Amino acid sequence: AQAPVTVTVTGAAGQIGYALLFRVASGQLLGPDTPVRLRLLEIPQAVQAAEGTAMELDDCAFPLLTGVDVTDDTRRAFDGVNVALLVGARPRTKGMERGDLLEANGGIFKPQGEAINAGAADDVRVLVVGNPANTNALIAQAHAPDVPAERFTAMTRLDHNRALSQLAAKSGASVADITKLTIWGNHSATQYPDIFHAEIAGKSAADLVGDRQWLADEFIPTVAKRGAAIIEARGASSAASAANAAIDHVHDWAHGTPDGDWTSAGVISDGSYGVPEGLISSFPVVSRGGRFEIVQGLELNDFSRERIDASVQELQEERDAVAALGLV
Ligand code: NAX
């Protein structure tokens, strides 16, 4: 039998954690043949709640789940980790400036990066979900010099899936017919969902639906502000859909993207498309041989260029802010 893969989930007692852990344990993250060992990291006040979730995981009697450890010790949580899902983060509270938010998250993602550097398995893959996801990923990566930088990624797959769903609704097509959609930039309100290379059943999506007014006034803001719309309707932020996107992201990273399609992920820039090297920005990516590769050679029109530049500018400002705090 295959050796178990160690999956560490931070913020395990939170709402995304609750939606995510059962899917990981049932085999949806890494497939039906891979046993999983879970490590749940929480802050001391939430350890008891995480232990309750661990009891429920036991009670599911998942055949693939070989063990669950709950801890508030960062080093222990990441010792031997193969897949790290960094979900727990410091939310923005009333009166908090952006600098305070970045600093508070630096206090979380710096030690987690250090612990990954110290103890992770050689094949470790890291997905940062906790916001501000791109910059939190950058902070963790900066403190893990012995881990290849490409192993640190940030989640824009929920934005990608939201865009697929909106485009399907507009065009009357099924999401399964839509390929080559892209989320560019930051996982924030400046993100740019790009349909200019997308296809619906093999035909240009932009030709089928894309009058620019609909794009600019409806599609882009609906995707970018979907998180707020969910909070408004549900009284709580996206949880099951965020967990689903995390599963999709890691599943595709490990198992590959389908031929003729790509997905979106926040990955470290190599300078592609003019995105400054070292920023963790969302790009169109394919996964081959267990690695994400940025799709090359796409032509960008002025409409796209302007929006990508604005989002990348925001990422640069976030990097400057955490650099000034000594966090990268
Ligand atoms: P919750 O507040 O329900 O849960 C967060 C959990 O993290 C809490 O249990 C808390 O105790 C724990 N935590 C805090 N600091 C920690 C630390 N240092 N180590 C371990 N655990 C720690 O939030 P939830 O709704 O689960 O959302 C989690 C994060 O995902 C938030 O930052 C949220 O903004 C972010 N999101 C990111 C999305 C994305 O697409 N990238 C979409 C969904 C979500 O908004």
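The values are calculated or read from the model by the stated rules, or taken from the named source; none is laboratory data. Predicted model only: the values in this text are computed from it and were never measured. Protein only, heavy atoms only, side chains kept; ligands, DNA and RNA dropped before computing areas. Shrake-Rupley method; radii C 1.70, N 1.55, O 1.52, S 1.80 Å.
For the chain, list log₁₀ I(q)/I(0) at each q in 0.06, 0.11, 0.15 Å⁻¹, using the Debye formula over Cα point scatterers of equal strength and ignoring solvent, two decimals each.
-0.19, -0.67, -1.27
Please work out the C-alpha center-to-center distance from the range 278-328 to the range 191-256 and express it in whole Å.
Going from one Cα centre to the other spans 17 Å.
Run the reach check for Lys225 against aspartates and glutamates, Cα to Cα strictly under 18 Å, same-chain hits fewer than 8 apart removed. What comes back?
Within reach: Asp159, Asp194, Asp217, Glu314.
Once you've got the GNM for the chain with C-alpha springs shorter than 10 Å, pick whichever of Arg234, Arg76, Arg98 has the biggest mean-square fluctuation.
Arg234
Which lysines, if any, have their Cα less than 25 Å from the Cα of Lys110, not counting same-chain residues under 8 positions apart?
Lys94
Does anyone have the angle between helix 133-142 and the longest principal axis of the chain? Alpha-carbon axes, 0 to 90°, nearest 10?
The angle comes out near 60 degrees.
Which of rounded, prolate or oblate describes the range 1-151 when judged by the alpha-carbon gyration tensor and an a/c cut-off of 1.5?
Since a/c reaches 1.5 but b/c is at least a/b, the shape of the range 1-151 is classed as oblate.
According to the square roots a ≥ b ≥ c of the eigenvalues of the Cα gyration tensor, what is the shape class of the range 23-110, taking rounded for a/c under 1.5, prolate for a/b larger than b/c otherwise, and oblate for the remainder?
Values: a/c = 2.36, a/b = 2.03, b/c = 1.16.
Note, shape of the range 23-110 comes out prolate.
Looking at the chain as a GNM with Cα springs under 10 Å, which of Glu103, Glu277, Glu293 has the largest mean-square fluctuation?
It is Glu277.
Full-extension gain between Ala1 and Ser237, please, as 0.36 nm times their residue separation minus the C-alpha to C-alpha distance. Could you put the intermediate results ahead of the total?
Numbers: separation 236, 0.36 × 236 = 84.96 nm, distance 3.92 nm.
Separation in residues times 0.36 nm, less the Cα-Cα distance, equals 81.0 nm.
Please report Rg over Rh for the range 1-63, where both radii come from the alpha carbon positions and Rh follows the Kirkwood definition.
Rg/Rh: 0.97.
Quick one: angle between helix 240-255 and the longest Cα principal axis of the chain, in degrees between 0 and 90, rounded to 10, please.
Roughly 90 degrees between the two axes.
Which lysines, if any, have their Cα less than 16 Å from the Cα of Lys203, not counting same-chain residues under 8 positions apart?
Within reach: Lys170, Lys180.
Given the options Ser311, Ser264, Ser237, which has the most mean-square fluctuation in a GNM of the chain, springs set between C-alpha atoms less than 10 angstrom apart?
Ser237
Round to the nearest 10 and give me the degree value, 0 to 90, for the angle of helix 157-171's Cα axis relative to the longest principal axis of the chain.
40
Go ahead and estimate [θ] at 222 nm for the chain from helices alone: -39,500 (n - 2.57) per DSSP H run with n ≥ 4, summed, over the residue count, rounded to 500.
-13000 deg cm²/dmol
Quick check: residue separation of Asp100 and Arg75 times 0.36 nm, minus the Cα distance between them. What number comes out in nm? Can you show the working numbers first?
On the way: separation 25, 0.36 × 25 = 9.00 nm, distance 2.52 nm.
Net length gain for the segment: 6.5 nm.
Over the range 207-328, with the other protein chains present, what is the accessible area per residue in square angstrom, probe 1.4 angstrom? Mind dumping the intermediate values first?
On the way: 5740 Å² over 122 residues.
That works out to 47 Å² for each residue.
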